[in-house]
Amino acid sequence: MTPTATPKLHSRFLLALFLSTLFLMTGCEQKQSEQIQWQLPLQAPNDPHGAQHNLSAVPAWAVSQQGEAEIVWLQKNTSKIFTTNIALGGATRIQNWDIQLLGLAAGLRLKNKAFLNDQNVDNPAALVEIRQGDKLIYRGWLYEKFPELFGMDNPEWKVWLKSITLRPASQEAVKTRLP
């Protein structure tokens, strides 16, 4: 390298350093982007399939068929499992819990905040009411295909729908509906 090349490199380096500093400084003057809400809320959102959302009245289609549901209860601290079959309109007691089967759906779906029984959807569900003593703990749908997503939230117990059985309305019931 010649002695005259060193000052040229030094001046080019200084020019590059000046331009990059100028470029970075102009970027810093831009408006900072808004903060992104990336964290999930600490509390789970309300269950759209529970009592808080239009379940005060049981849909007529949910009680129009005969059938039963097999409900499973897991006592978390002992890992003990209780299974019970409940006929539509019936109730049973497990430990100090009362559960009533209010309705059944072969293919439940939610559309515009309304529950529909769609035979083309493979989503069996049971509408239940769970009480502990006189206190209503959960009133809503339990799903056979998605037992972990919706249902009663309790630190000591897990409740899920194992299966439902639907039977066509009896011939007597059909005859009484005819004019």
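Quick notes on this one:
- Pairs of Lys residues in the stretch 66-164, spaced 8 or more positions apart or belonging to different chains, with C-alpha separations under 17 angstrom: 5 in total.
- For the stretch 66-164, relative contact order (Cα pairs under 8 Å, six or more residues apart, normalised by length) works out to 28 percent.
- Of 120, 137, 67, farthest towards positive along the dipole that unit charges on Lys, Arg, Asp, Glu beta carbons give the stretch 66-164: 137
- Value in Å of the Kirkwood radius, where the stretch 66-164 supplies the Cα pairs that are averaged: 13.7
- A full extension of the chain between residue 93 and residue 12 corresponds to an added length of 20.6 nm, given 0.36 nm per residue minus the alpha carbon distance.
No value in this document is a laboratory result; all are computed from the given coordinates. Being a predicted model, the structure only gives us computed values, none of them experimental. Neighbour counts run over all protein chains shown; Cβ positions are idealised from the backbone, glycine included.
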